[in-house]
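Reading through the structure tokens given below for one structure.
The values are calculated or read from the model by the stated rules, or taken from the named source; none is laboratory data. Just so it is clear, the model here is predicted, and its values are computed rather than measured. Cβ coordinates were reconstructed from backbone atoms using ideal geometry, including for glycine residues, and neighbour counts include every protein chain displayed.
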Amino acid sequence: MFKLSQRNSGMVFALMTACGLGGITTQAKIYYADGGNALTLMLARFAISSLVFGLFLLIRREQFKVNLKQRLPLISIGIVWSGAMIFYLMAVETISVSLAVLILYVYPLLVLAYSIFKRQLSASPGLIALFCATFLGLYLALSGGSITVDVKGILFAALASCGAAYTFLCGARVAPVMSPLLMTFWTNAVGLLMIIPLMVDSLALPTAPPGLIALILATAFYLVAILSQFEALARLPASRAAFLLNLEPVISILLAYLVLNETLSVIQASGVILVISTIVLSLRFKSATA
């Protein structure tokens, strides 16, 4: 029977995370067009995730209790992860989505810089060039459309990027010594507690069946993505997992082109190809990202 190594299975989970997160964007646009809003989408993903992963824990007869030493890191991951998503949504309200995404995806570079600083990997020119080339590809892929700039929005996006970096760095320390399922449950439970107070007069359900279907699909994609993310961090260094997540904006762009009939310029297509090429290159060489 064919069995993947820990490294290879970790990369599969990281790519599943990218695909899941990438699929959310297209469904979210359909959901918003039918009267939904971002806070309701977040409430649905946190509530359903807490319920589903809690039921899985019960079915597998796993304990909900967390080791005392891991409680503070786990709570911090839940708070920072949820806060990062809230900051990102606030950024999108004031600056262009493409600019917000580009700023958010500085986080793989932040993870790389921290990993080099802590001497978790060597600062080879090839490694740095690979990360920078991928970021350049994202810049090209996200270059279409008009750009709206606002200082407050840029700050929110930067905070979201820092939050994502922290989630990967701290998650890579916690995930190998904790059940990823348990970690996923508590992360979403913390997120649910954070989002409920923000829902006063903010609940907005879709007004048509396509919007409801999109809400269900977006939540299902999130379920796959968040569990896969912690499964990946249990098997991979933070730098490699974060690098592979660069694929997420590309998947969002391609799905928007295929499902929503959005246009894709030559420059954007070049960026998509560059990102995919660097990720494929990283898969071929064991030392590329960790």
When every residue in segment 128-155 that is under 17 Å from L254 (Cβ atoms) and of a type in the set (A, V, I, L, M) is compared, the one modelled with the lowest pLDDT is L142
Restricting attention to segment 192-221, the residues that are polar (S, T, N, Q) and more than 18 Å from the chain's Cα centre (by Cα) number exactly 2
Small (G, A, S), part of a helix (DSSP H, G or I), at negative phi and under 13 Å from the mean Cα position of the chain (by Cα): does that describe A269? no
Flagged in segment 175-208 as of a type in the set (A, V, I, L, M), closer than 14 Å to L43 by Cα and in a helix (DSSP H, G or I), in numbering order, are A189, V190, L192, L193, M194, I195, I196, L198, M199
Considering every residue within segment 47-65, establish whether at least one is part of a helix (DSSP H, G or I), in contact (Cβ under 8 Å) with a residue 60 or more places away in the chain and within 25 Å of V250 (Cβ to Cβ).
yes
In segment 102-127, residues that are of a type in the set (A, V, I, L, M, F, W, C), closer than 25 Å to L142 by Cβ and in contact (Cβ under 8 Å) with a residue 24 or more places away in the chain total 9
_Yes or no: segment 211-220 includes at least one residue that is modelled with pLDDT of 90 or more, among the polar types (S, T, N, Q) and surrounded by 17 or more Cβ atoms within 10 Å (Cβ to Cβ)._
yes
Qualifying residue in segment 21-33 (condition: touching an Asp or Glu at 6+ places or on another chain (Cβ under 6 Å), part of a helix (DSSP H, G or I) and of a type outside the set (S, T, N, Q)) = yes
Of A204, A158, A232, the only residue that is surrounded by fewer than 19 Cβ atoms within 10 Å (Cβ to Cβ), within 21 Å of T25 (Cβ to Cβ) and at pLDDT 90 or above is A158
query = Mind checking whether some residue in segment 165-175 is of a type in the set (S, T, N, Q) and within 21 Å of A84 (Cα to Cα)?
reply = yes
